1. Go through (1) within 11 Å of another protein chain (Cβ to nearest Cβ); (2) modelled with pLDDT under 85 and name the single condition B:Asn747 misses.
2. Inside the stretch B:366-380, can you point out the residues that are under 15 Å from B:Gln449 (Cα atoms) and either assigned to a helix (DSSP H, G or I) or among the acidic types (Asp, Glu) (or both)?
3. Quick test for you: out of B:Phe264, B:Phe258, B:Phe273, B:Phe279, pick the one residue that is modelled with pLDDT under 85, of a type in the set (Phe, Trp, Tyr), surrounded by 12 or more Cβ atoms within 10 Å (Cβ to Cβ) and out of contact with any Leu (no Cβ under 9 Å at 6 or more places or on another chain).
4. Can you name every residue in the stretch B:393-440 that is outside any loop (DSSP other than H, G, I, E, B), β-branched (Val, Ile, Thr) and over 29 Å from the mean Cα position of the chain (by Cα)?
5. Output the residue which, of all residues in the stretch A:45-61 that are small (Gly, Ala, Ser) and within 19 Å of A:Pro78 (Cβ to Cβ), is nearest to the other protein chains (Cβ to nearest Cβ).
6. Could you run through the stretch B:209-233 and say how many residues are surrounded by 22 or more Cβ atoms within 10 Å (Cβ to Cβ) and closer than 21 Å to B:Glu290 by Cβ?
7. Within the group B:Ala91, B:Ala120, B:Ala127, which residue is at pLDDT 85 or above and either assigned by TED's automatic domain parsing to the domain that holds B:Arg36 or within 23 Å of B:Ala26 (Cβ to Cβ) (or both)?
Amino acid sequence: MRGGVCVLRIVGEVDISNARALAEAIEGAVPNDATEVVVDLARTTYLDSAGVQLLIQLSERLKARRHELRVVVPDGAPVRAVLELAGLSKVIPLESAIDSGDQASAPGVP
Amino acid sequence: MGRRQLASRDTSLHYLVLQALLVGAAYYLAARLSLRLALIEENVTPLWPPTGIAVVAFLVFGRRIWPAIALAAFIVNAPITFSPLAAAATAAGNTVAPMVAAELLIRVGFRKEIDRTRDAMAIVLAAPSSMLISATIGAGTLVLSDAISARDFASAWAVWWTGDAMGVLVVAPFLLSLLYFRRRKGTSWARRAEACGLLLLITLVSLAVTRTTFGLMFLVLPLLGWAAWRFQQRGSAPAALLVSGIATWAAVHGWDVFRDGALFEKMLTLQAFNATVAFTSFFFAALVTERMRDRDALEQSAALLEERVRQRTKELSTEISERRSAEKRLRQRERQLADAQQVARVGSWEWLVKKDRVTWSDEMYRIHGYRPQEFPMTFEKAVELVVPEDLELIRQNVAAALTPGKDRILPTSEYRIRRTDGTERVLRGKAALHVDAAGEPLRLVGTVQDITEERRAERLHRIAETLQRSLLPDRLPAVPGVSMAARYVPTSTDADVGGDWFDVVQLPNGHLGVAIGDVAGHGLRAASTMGQLRMALRAYAIEENSPAAVIGRLELLVRTFLLSEMATLVYLVFDPESGAFTFANAGHPSPLVIEASGESHYLAEGLSPPIGAAQGPDSFVESSSHLSPGSTLLLFTDGLIERRRDPIHDGLARLRDVVAANPDSDLDTLCERILASLLAKEISDDVAILALRPISLAGSSSHIEMPAEPRALAPLRHTLRRWLREIDAGPQESYEILVACGEACANAIQHPYGAAEGSLQIDLGVLAGEIEVVVRDAGRWRPSSPGNGGNGLRLMKELMDSVEVESGQKGTVVRLRRRLGGGVLAERARTN
């Protein structure tokens, strides 16, 4: 975590067998002083509707805690096409890379 | 000739004539002889034997003999009388008198043997009385015919009467003795000599006393007594005849003893003497005979009694010996029963309910830890050793048994006792109730068996069985794209659990952990070690990807907790997606790789010492290899290749020969053929074999069965990825199909009504460039699922060309289709 931005990288597969546990782990990992939460799916090999659900619910809960969720997926990744198809991009902006501004952003920014 | 035949009346004429002639001749001759002894004139004699002959003839032949008597008497009298009429009259008297005498004797039941005093009495009374007739007629005739004067009638009558009477008394018994007195068989010569000597003595004495003037005639009487005593009628009758004959002769010829005196005086003396002789002889002889007969009868009955006693004694001794042998047999059976009870450890008991008497067999005492029959048993004593927990049960059983009813077998019960030395035994009791006529309990009988050892053995056996089950997987996991088969053959010589084991586990990353091992030793201890190793291996297999690391941790475990145990093991991790595998071998026979071509080689790499003999947890090495589809990996234990006296090399070569001979067999067949070819009939070591073969998923269709659980989704995706790769699907479309299938399976796992247990059936097919994935479950989807389910279905529809959902009674079928190479998302992006 740098400044107010919290970066979480999901490695491997997400399905119904681990979605709930993963959501709890992410929520627990986000510090209260973070302003932004970035979920990095670059190394996620599988993510189905359970994963989409997880991300939508996570976004809502983080909003309630005044955190902003952004999802980073590389352009060519198979996961990205499915996320778009599932309509996640309409709820959460999908970014192709973690920009340096995020990484440089200082904590405590409102 | 028997007496009966003589006595019978022979009607034959010849015989009758012969009798008559004989009798007549004897009568005549005796008459002529005795007439020479006449005292008065020429025809009155003091002894007239013909009368005796006539009486005997009438007694023997009956009345019909009278003509012979009469004729003979007439002929005798004719020359000595003055007229034929007188002779006829005299003859008539001489015939009638003996006939009357015989008739009288027959009437009083006279026995011709004269062996009773009453017979002697009869003849003594009958003879003189009947002879009154002949004397009167004879003497009367003499007077009438003027042969004598009337004055001489009395003396003539007396002489006549005494002569006739004496003839009967002296001659008749003699004749009868000759005719009827049976000779005793086997009469000794001494006895015959005695008889002859006695008769001679009597003759001499008789002659001597008659030749003296002294009245010493009584001296013959003792001799007559002797004859009667020693020889009865057979001796006394001849003796009497002899003595009377001599006396008569002496009287007639006027020998010394009869020299003086008148005729009447001599007559009286002679007749008195003769009568005394006759009476003495008859009575004494008859008396002796009678006494002897009584004695014989007494002796006979005594002998009979003695015989009976002897017989009874014999019977008794037989009975006694039979009883003794029966007792012996009984004792023998009792001993056999006791022996049998001891061998079977079964005791028996009886309880006479009303008398409250309990008896125990010897073995019952032993089972309870007592000496046989150490003390008298009672009911309370009998249940004294039963442990408190079971005592109530016993009492309840007894109470239930003692209810009226019928004879019945009681339920078998098991209970424990604690002997006085503190050892606990488990007993099984069986009992039966016998009731009396009224149905009241009479006695309880039963057996008790000590089943402690049986129970212990059963428990050990159960433990061993449980361990055995835990050692060997009941079935191998079904892994798509991988064919597997395994066999376990226990030893035929030792029914105990062996030391060989194998296991196949599906790891979370979709890899397979495959193990085969052998623990040194047999029995429960080896089985227990195997069980622990197997479970430990499963645990380590989840955590460690490296086979050498897994075996290293097992080594540590054994070193720490299972001291001095030794085990060999091959553990390998196989990736079904690629066919690659990594293996480590701890002192176990090397696995065999059989190529699809039939060529084979042993995997000699990756070899380390056995577990328990290694240098440390880090000393294990591993190696990698690859299995192409159609090739086979064969793991086995040493029992397969080791034979007594044969080098292991031979076994290894034989195994290669067998697999080379069966190149195209499916794995089950291959396993059977290997066992059939390599195993001897007597298997001294147990054998485990495990075969694994990757098979292509790219065929026309594949079937996958997986548990309806979320954790099974990841391995499924491994299989699907491999399938998609083998059917040459592109990366993007592969991922999209993967997600669609994942959604379908997730729905099937999450959403059917009822329990999520059961399995999913997944069929993969490719036909003319179009793939079809069918997912079947046993439940029913909700018509409209909120949230995720709806998203899933929508996503499936987005990702596939067609999605069909059929929900029926038996479950739900989801059918997904998509043409390969089309790029659905690209198209949709374009239409969007």
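1. (2)
2. B:Arg366, B:Ile367, listed by residue number.
3. On inspection, the qualifying residue turns out to be B:Phe264.
4. Within the stretch B:393-440, B:Ile394, B:Val398, B:Ile417, B:Val426 qualify.
5. Checked the stretch A:45-61; the qualifying residue nearest to the other protein chains (Cβ to nearest Cβ) is A:Ser49.
6. 6
7. B:Ala91
Residues checked against (1) more than 20 Å from B:Tyr488 (Cβ to Cβ); (2) within 55 Å of the chain's Cα centre (by Cα):
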| position | (1), (2) |
| --- | --- |
| B:Pro647 | yes, no |
| B:Leu655 | no, no |
| B:Asp668 | no, no |
| B:Leu675 | no, yes |
| B:Leu692 | no, no |
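The values are calculated or read from the model by the stated rules, or taken from the named source; none is laboratory data. Computed from a predicted structure; not experimentally measured. So basically every Cβ, Gly included, is an ideal-geometry build from the backbone, and we count neighbours across all protein chains shown.
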